[in-house]
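Written below as structure tokens is the structure these notes are about.
What follows draws every value from the coordinates through simple rules; no lab data is involved. Treat the numbers as computed from the prediction; the structure is a model and nothing was measured. Quick reminder, even Gly has a Cβ in these numbers, built from the backbone with ideal geometry, and neighbours come from all protein chains shown.
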Amino acid sequence: MPKTIRAIIVCPFTREVRETQIENSLEEYQRICGGGFIEFGIWINRQDVLYVNDFAHWGECFEIGGQRIFSGCGLITGGDGRGGSKERSARVPLREIRPLVRFGMRGKAGP
């Protein structure tokens, strides 16, 4: 049985960034990101990893810190601090991520 970990979900559909406990399984990552193919998005403070849907083409999108625009939902979990992803709880505080996220629609003003 997979353990639960602390994660941060970035949802452009509801325009919210929230903390939650998730099951640490590929199926749960895929469910949150909206599809069967998830990919690495960006490193957050070299400690945590943003995962996104590899083939997302939704109009709803977000960016974190102006680095790149992502379509659909994002999932932040922990990394190992040396550049390798690990299945562990996110360490970045929610209060540090929220101000860095901007929501928008592809093809319109926004991110």
Check: Can you give the calculated 222 nm mean residue ellipticity of the chain, where each DSSP H run of n ≥ 4 adds -39,500 (n - 2.57) and the sum is split over every residue, rounded to the nearest 500 deg cm²/dmol?
Finding: -2500 deg cm²/dmol
Next item on the list: Place a +1 charge on the Cβ of each Lys and Arg in the chain and a -1 charge on the Cβ of each Asp and Glu, then give the dipole magnitude about the Cα centre in debye, rounded to the nearest 20.
Entry: 360
Next item on the list: Using a/c under 1.5 as the rounded threshold, could you call the range 30-72 rounded, prolate or oblate? The axes a ≥ b ≥ c are square roots of the C-alpha gyration tensor eigenvalues, and prolate needs a/b larger than b/c, oblate otherwise.
Entry: oblate
Note to self: If N is the number of residues in the range 1-45, what value comes out of its Cα radius of gyration divided by 2.2 N^0.38 Å?
What the structure shows: 1.19
Note to self: Between Arg98 and Gln47, how high is the FRET efficiency from 1/(1 + (r/R0)^6) when r is the Cβ-Cβ distance and R₀ = 30 Å? Nearest 0.05.
What the structure shows: 0.95
Note to self: Can you sort Tyr51, Tyr29 from fewest to most other Cβ atoms within 10 Å of each residue's own Cβ?
What the structure shows: Tyr29, Tyr51
Next item on the list: Using amide H atoms built 1.01 Å from N in the peptide plane, name the residues 5+ places from Tyr51, or on other chains, whose amide H lies under 5 Å from its own.
Entry: Gly41, Leu75, Ile76, Thr77
Item checked: Potential lengthening between Ser89 and Asp54 on full extension [0.36 nm per residue; Cα-Cα distance subtracted] -> 10.4 nm
Note to self: Test of understanding: express the Cα radius of gyration of the chain as a ratio to 2.2 N^0.38 Å, with N the residue count.
What the structure shows: 0.98
Checklist line | Integer Hz, Karplus 6.51/-1.76/1.60 couplings in order for the range 9-26, x for Gly and Pro | finding: 10, 10, 10, x, 6, 9, 6, 10, 10, 9, 9, 7, 9, 10, 6, 7, 9, 4
